[in-house]
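Let me begin by presenting the structure, written as structure tokens, before commenting on it.
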Amino acid sequence: MPSPSLGARIAGLLASVALAAPAAAQTPPGLAQTPLGLPEALARASGADPSAAAAEARLAAAEAGVRQAAVRPNASLDLQVENFAGSGPYSVVGRSETTLSYERPLERGGKREARTAQARAEAAVVRLRAEVLRLDFLRDVQTTYAEALAAEAELLIADARLVAVQASQRDVVRRVKGARDPLFAASRAEALTAQAEIERDRAREAARTARAQLAATWDGSPDFTLKLDDFFNVTPPDSGPSAGVPAGAAPDAALLEAERDVAAAALRVARTREVADPTLRAGVRYFGEGDEAALVIGGSIPLGVRASARAGIDRARAEHLAAEQEIAAERTLRDRRIARLEARMRAMAVEAERIRAEVVPHAIRTVEQVTAGFNRGGFEFRDVAEAERALADARTRRVEVLRDFHMAQAELDRLTGRYRALAKTSFEERR
């Protein structure tokens, strides 16, 4: 049987769950008193993201690619020895001719600038892809946080249920001792109390496990309380996609736009290949037979570059068009997903509020009326148990609806990039 202080605390929590006043978190023994809110949980998890090191390495590789793209083609030195050995008059090594020449390819048509712009665009894609992956990670943390909140709320209900059953059991025992109820009524009440204790223990373990899973996202300890106010007090989203966030600001749309920029840069690179790059050569030729030397100049230019570049241009143009179409498709699909989520969230918010305002108060009154009638001998203990179970079921249903609401909120936040600033902090600092 719980102590008076515990009973008073559970009663207060029961009222919070029933009437949707700001719910106070139940504080397990030894845990910190400051509730953990979602922003702090996301910040902790973001700092311990296990994929961050790989993302940083990919970004470093992309930035190295930008530096590499800006490098001009290498010059070369060419050494050529003619008439080194042969027959007849050329069998003497002294008649050989040696030429040392310097060759420099000359890029034309803006090849280096186009190549560098493409590398920069590819680096932006790497950065945005890492940001999108970080947002996926934060969404998973947010859903884990919602699961932990729901588990804590279910523990409140289980505690309240146990207190009510224990109070009913005391009433039954008193009636049995007064010979107003048969002995089996006390046994039934004892069984229900044992079942309520089992449910409370299960809920307590589930809440502990949920906190541990949340703490695992930042390799921390589950010794914290949760901010249950945010679980019970929900605000439905405004109508229309999507909370005032433009499509271009969404993380997935930004990534597709960056990929389109890469395709556009690749098209410019392909077009520069229509311009031939000559190679200039200058050197000195040494005539071994007379110890004489002469300057040598020359050059080369490839032929047929326009024809060979045409297929590459067509491919790059098609990829650029595909990227444009993907952006349009993403915008349409994004708006549909957001509209569907918002409609569900509004419906769930209405259902949760109606349960709080209509169902739970009636269920509480039913319990009070049945209990009063039971004490007067007008009802059986079974009626009291059914009324208490109906009240617990109503509260449980509300928690389920609120849990689904917060799950949908996590998906909506992911689509709209609500925590995008947190996702790209480390990458922006690195730049």
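Before moving on, here are some points about what is shown:
- Between the amide H of LEU36 and those of THR225, LEU226, LYS227, distances stay under 5 Å, these residues lying 5 or more places away or on another chain, with hydrogens modeled in the peptide plane.
- Computed from phi, the 3J(HN,Hα) profile of segment 310-318 under the Karplus parametrisation 6.51, -1.76, 1.60 (θ = phi - 60°) reads 4, 5, x, 5, 4, 5, 5, 5, 5 Hz, with x in place of Gly and Pro.
- Peptides 324-334, 295-305, 165-175 ranked from most to least packed give 165-175, 324-334, 295-305, packing being the mean of other C-beta atoms within 10 angstrom over each peptide's residues.
- Cα gyration tensor shape for the chain, rounded if a/c is under 1.5, else prolate or oblate: prolate
- Listed residue (VAL173, GLN118, THR144) projecting farthest to the positive dipole end of segment 118-176, Cβ model: VAL173
- Backbone HN-Hα couplings from phi across segment 261-277 [Karplus 6.51/-1.76/1.60, Hz, Gly and Pro as x]: 5, 5, 5, 5, 5, 5, 5, 5, 4, 4, 5, 5, 6, 6, 9, 6, 9
- Taking amide H positions as modeled 1.01 Å from N, with prolines and chain starts lacking one, the residues under 5 Å from VAL296 and 5 or more places away or on another chain are GLY283, VAL284, ARG285.
- Remark on THR99: its backbone amide H falls under 5 Å from those of GLN80, VAL81, GLU82, TYR286, a criterion applied only to residues 5 or more positions apart or on other chains, H modelled at 1.01 Å from N.
- Cross-link partners of LYS424 among lysines (Cα-Cα below 30 Å; sequence separation of 8 or more within a chain): LYS227
- Residue-by-residue Karplus 3J(HN,Hα) for segment 361-376, coefficients 6.51, -1.76, 1.60, Hz, glycine and proline x: x, 5, 5, 5, 4, 4, 4, 5, 5, 5, 5, 4, x, 5, 5, 8
All of the numbers you see were taken from the coordinates with simple rules; none came from a lab. Quick caveat: nothing in here was measured; it's all calculated off a predicted structure. All Cβ positions, even for glycine, are placed from backbone atoms using ideal geometry, and neighbour counts span all protein chains on display.
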